[in-house]
Structures are given as C-alpha cells and as structure tokens.
Amino acid sequence: MNIYVDFDDCLCETARHFSELVVELFGKHVPYEDMKYFDLQKSFSLTREQYEHMMIKAHNPEILLSYEETPGAVETLNEWIDKGYEVSIITGRPSSSYEPSRLWLDQHGLERAKLFCLNKYGRTGFIKESDFNLELEDFYQMHFDYAIEDSPAAFRFFERWPSLKVLVYDRPWNQECELFGKEYRRCAGWEMIRAMVKQESREMRKTKRNIDSVYQAE
C-alpha cells in the first residue's frame, strides 16, 4: 500500500496559525472557520505585498516548527508504517522549507515517513536533481493507492491515477469544491481516514484470498 499525505492542514494546523499571524502582522481578524478560499490572499483580503510578507514570515524555520499536529495524524501514519505501508509526505512548500519540515516530522515521531517537496507552482528557485525535490514529471512516475489532501488546487495532480482513492480532509476552503467522482471521499478527521483505509485494506485481502483459492482449486 502506497499512501500520499499532504503536509499543511493534513498533518499540522497551518491555517489556524495563519489566522493568528494576520492579526499580528496586519490587525486583520479572519477566524479559521471563515477561511473560505484556499487562496490565502483572497481569504484574508491582503494586497500582494502583504501576502508576500506573510508567506515569508510563515516559512521561517521557527514558525514552521511551531505548528501544532492535527489530532490523530502521527498515530495513524505510524500505524500504517508498522504494517509495511509506504507513506510519502508530499508538500508544496518551497525547497528552503525542507530542513525545518523534516525536523518537525522527526520531532513528532515520524522519522520513518518520507518527505518530498513537489514543485506544484513552478517556482524558479526550486532545487533540481535533489533527493527530496520532485518536478511533476518525477511525481507522475510514482504510484499511490491513497491520497490524503485538503487543497482543491492539488486535485488536478491526481488525474494520472484514475483508480486513486482521494480522501479529502474536510476544511472550510474545500466545503464547496467539486469532488471528482466516486474515488473522492470527504473525511472529517484522521479517525475516519484510518477507518476507511482499514476497511478497504480488509476487503482487498479478502478479494486476494478468494482469487488465490480459485487458482489453487484449478
């Protein structure tokens, strides 16, 4: 079983921190529950200059290391790794964020999870030919059975895998987005995600046993 897991707002509460950060930087109060757009510039009604300033501040190592874990994330991922599943954390954070992001995972007990920075947004400063950075052509060579993602902007990257099961982590900014077909399922939290993967894994094993018994009978 190969599982793709997004970082921000799947593993950690990034948006809740942004909600506090814009108050600190600009005196704008937009509660987490009112963040209706994945585009943070639009959610917070910021100018381009304010948005860029906020993003620079938010990607400082000390800030990245302060993000709180999303309840149940670490426990679930470690359970999957213990079962032999391959867990790949694939983030759209810039390459410069890799070290503090890796450290956050290690400090939260996810030393065994792989971490990759995917160049989703065509950043010119992206570090190529490294062990942890992925261009889209590299990403499309990978295989996943599940993807845990909150961003509607990322769904387009899953079109290459028609059978991929996409578990959409329920957040205010994806409430009104279109889910593309029966393989997309909205999940209220990690308890629900874990239950879904467990149930389907059980069904897959049952199907495999049935197929094996047919071959043995022949």
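Could you list which residues have their amide H under 5 Å from that of residue 133, counting only those 5 or more apart in sequence or on another chain, with H placed in the peptide plane?
Here the answer is 117, since their amide H atoms fall under 5 Å of that of residue 133.
What's the angle, to the nearest 10 degrees (0 to 90), between helix 14-26's Cα axis and the longest principal axis of the chain?
It works out to around 0 degrees.
Which links in 42/114; 114/165; 36/165 stretch past 22 Å when you go from one Cα to the other?
The answer is 42/114; 36/165.
Let me check against my output: what whole-number percent is the relative contact order of the chain, with C-alpha pairs under 8 Å and at least 6 apart?
Reported relative contact order: 23 percent.
For the chain, what does -39500 (n - 2.57) per DSSP helix run (n ≥ 4), summed and divided by total residues, give at 222 nm, in deg cm²/dmol to the nearest 500? Numbers along the way, then the final one.
Numbers: 8 runs with 84 residues, N = 218.
That comes out to -11500 deg cm²/dmol.
I'd like the Karplus ³J(HN,Hα) series for the range 28-35: coefficients 6.51, -1.76, 1.60, θ = phi - 60°, whole numbers in Hz, and an x wherever there's a Gly or Pro.
9, 10, 10, x, 3, 5, 9, 7
For residue 56 and residue 102, what does the FRET efficiency come to when R0 = 22 Å and r is the distance between their Cβ atoms, rounded to the nearest 0.05?
0.65
If you take every residue apart from residue 86 with its C-beta less than 11 Å away from the C-beta of residue 86, what net charge results, scoring Lys and Arg +1 and Asp and Glu -1?
Surrounding charge for residue 86 is +2.
For the range 46-168, just say rounded, prolate or oblate: build the C-alpha gyration tensor, square-root its eigenvalues into a ≥ b ≥ c, call rounded for a/c under 1.5, and beyond that prolate if a/b exceeds b/c, oblate if not.
oblate
What angle, in degrees between 0 and 90 and rounded to the nearest 10, separates the Cα long axis of helix 48-58 from the longest principal axis of the Cα atoms of the chain?
It works out to around 60 degrees.
Tell me the relative contact order for the range 14-64 as a rounded percent, counting alpha carbon contacts under 8 Å between residues six or more apart.
For the range 14-64, the relative contact order is 28 percent.
Measure nothing fancy, just the Cα-based angle from helix 190-217's long axis to the longest principal axis of the chain, in degrees from 0 to 90, nearest 10.
It works out to around 20 degrees.
Identify which of the listed values of volume of the Cα convex hull per residue in Å³ was calculated from the structure shown: (i) 166; (ii) 113; (iii) 134.
(iii)
Read the figures in this text as sums done on the coordinates, not as results from a lab. Source: prediction; values computed, not measured. Heads up, the Cβs are rebuilt from the backbone with ideal geometry, glycines too, and the neighbour counts pull from every protein chain shown.
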